[in-house]
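The block underneath contains the structure these notes are about, expressed in structure tokens.
The values are calculated or read from the model by the stated rules, or taken from the named source; none is laboratory data. Just so it is clear, the structure is predicted and the values come from calculations on it, not from any experiment. Reconstructed Cβ throughout: ideal geometry from the backbone, glycine too, with neighbour counts over all protein chains shown. Heads up: the accessible areas ignore ligands, DNA and RNA and are worked out on the full protein's heavy atoms, side chains in. Shrake-Rupley method; radii C 1.70, N 1.55, O 1.52, S 1.80 Å.
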Amino acid sequence: MNSKFIVIEGLEGAGKTTSSLVVANILREHGIHDVIYTREPGSTPLSEKLRELIKNDTYNEEKITYYAELFVVFAARVQLVEHVIKPALARGTWVIGDRHELSSRAYQGGGREISHDFICSLKEEALGNFNPDLTLYLDVPPEISLQRVKKRGPLDRIEKESLHFFTKIRNQYLALAASDKQIRTIDASRSQAQVALDIENIIHQWLQEIP
Ligand code: T5A
């Protein structure tokens, strides 16, 4: 079987990091041990710098424009895909990604209301037809997701946004997931054990369906 790119998506605090480990465990049960983890933005030296820029809110009060935010997350993604993900897949390594392009369509498309067509054309231009093989979307109401994040410590620039902003992002995620069979939606407002069980079932079945 060729190596695959599995992405986990969702609002902050949805449980993406926790779920990455669940996915890796299931892959191991299927004899797949050669796995790397990526996070977006991040996971290359330059992309990690861009991550700091995007999460930080101290630019002497210079506001990051919505388009600048979009271009920064895309710059980080292109670096990651070209320097890490594609080479890994080419040598037979599986990749588990904490966020990918769906995040831009949800946050910058849904949250910032940048045109969906524009984001899609940017993606086509920058990455062509490169896409995840499977996306697990962890769906959680923003009220719950933000509660989890607040427990963790100080909020970053995006986490300080309004409930309305995160509601628009969630609605966009749900709409995109409903129109794409490659995206599987999981109710992540339940316990970690229940979420893990759903992930397990989805991955087991998906692996069996791969020709
Ligand atoms: N961004 C990113 C864009 O705007 N556009 C883009 O294109 C991209 C790629 C990235 C930021 O950048 C934005 C989105 C983000 O604002 P990030 O740190 O990578 O930031 O993303 P976060 O979503 O903020 O990461 P988090 O670590 O906050 O969320 P996770 O990974 O989803 O959650 P996790 O697993 O760390 O869990 C958080 C807490 O909740 C608990 C965990 O124990 C932990 O304490 N938890 C649960 N508690 C109860 N029940 C469950 N089912 C739980 N699951 C987890």
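Table for the structure above
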{"quantity": "Matching residues in region 116-170 - criterion: being in contact (Cβ under 8 Å) with a residue 24 or more places away in the chain, polar (S, T, N, Q) and open to solvent by 30 Å² or more (accessible area, probe 1.4 Å)", "calculated": "N131, Q147, T167"}
{"quantity": "Filter result for A88 (away from the ligand (no atom under 12 Å from the Cβ) and either surrounded by fewer than 23 Cβ atoms within 10 Å (Cβ to Cβ) or not acidic (D, E) (or both))", "calculated": "yes"}
{"quantity": "Residue that is nearest to the chain's Cα centre (by Cα) [pool: residues in region 59-85 that are of a type outside the set (A, V, I, L, M, F, W, C) and surrounded by 15 or more Cβ atoms within 10 Å (Cβ to Cβ)]", "calculated": "R77"}
{"quantity": "Residue, farthest from the ligand (Cβ to nearest atom), within region 139-154, restricted to residues that are part of a loop (DSSP other than H, G, I, E, B) and within 19 Å of the chain's Cα centre (by Cα)", "calculated": "P141"}
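One line per residue, one yes/no per condition, for (1) within 13 Å of the ligand (Cβ to nearest atom); (2) modelled with pLDDT of 95 or more; (3) of a type outside the set (K, R):
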| residue | (1), (2), (3) |
| --- | --- |
| T58 | no, no, yes |
| Y67 | yes, yes, yes |
| W94 | no, yes, yes |
| A126 | yes, yes, yes |
| F166 | yes, yes, yes |
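Each row is one residue, and each column tells you yes or no for (1) in a loop (DSSP other than H, G, I, E, B); (2) surrounded by fewer than 20 Cβ atoms within 10 Å (Cβ to Cβ); (3) not acidic (D, E).
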{"position": "G13", "(1), (2), (3)": "yes, no, yes"}
{"position": "N25", "(1), (2), (3)": "no, yes, yes"}
{"position": "I36", "(1), (2), (3)": "no, yes, yes"}
{"position": "L50", "(1), (2), (3)": "no, no, yes"}
{"position": "D57", "(1), (2), (3)": "yes, yes, no"}
